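See structure below.
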Amino acid sequence: MIVINDGCINCDVCEPECPTEAISMGDSIYEINQDKCVECEGYYDTPNCYAVCPVEAVDILQDKG
Ligand code: SF4
Ligand code: SF4
């Protein structure tokens, strides 16, 4: 699961880089729509939002279960 943390500075770098348009501005910071995010499988080797974020505001969480 890929999430944006509160370190996000709303720079808008990640939004156009998401291949599935899963990223959009939320109430105060950018958010990832988990129904749309495919963790970049089939597009990139690394989650692209994680790769492009300049302030490490994207976290890769290991799914539990
Ligand atoms: S991991 Fe990929 S598909 Fe998911 S939000 Fe980030 S850029 Fe979009
Ligand atoms: S690239 Fe990082 S700081 Fe910029 S909007 Fe996306 S999550 Fe926020």
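We did not get these values from a lab; they are worked out from the coordinates using the rules stated. Just so it is clear, the structure is predicted and the values come from calculations on it, not from any experiment. Positions of Cβ are backbone-derived with ideal geometry, glycine not excepted, and every protein chain shown enters the neighbour counts.
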In whole percent, what relative contact order does the chain give with Cα contacts below 8 Å and a gap of six or more residues?
-> 45
Tell me, which cysteines of the chain are without a disulfide-compatible partner by the Cβ under 4.7 Å rule?
-> CYS8, CYS11, CYS18, CYS37, CYS40, CYS53
Measure off 7 Å from each Cα along the Cα-to-Cβ vector at LEU61 and LYS36, then give the distance between these two points in nanometres to one decimal.
-> 1.9
Which value, to two decimals, describes the C-alpha radius of gyration of the chain once divided by 2.2 N^0.38 Å?
-> 1.01
Using only helices, what value at 222 nm comes out for the chain when you add -39,500 (n - 2.57) per DSSP H run of length 4 or more and divide by the total residues, to the nearest 500 deg cm²/dmol?
-> -1500 deg cm²/dmol
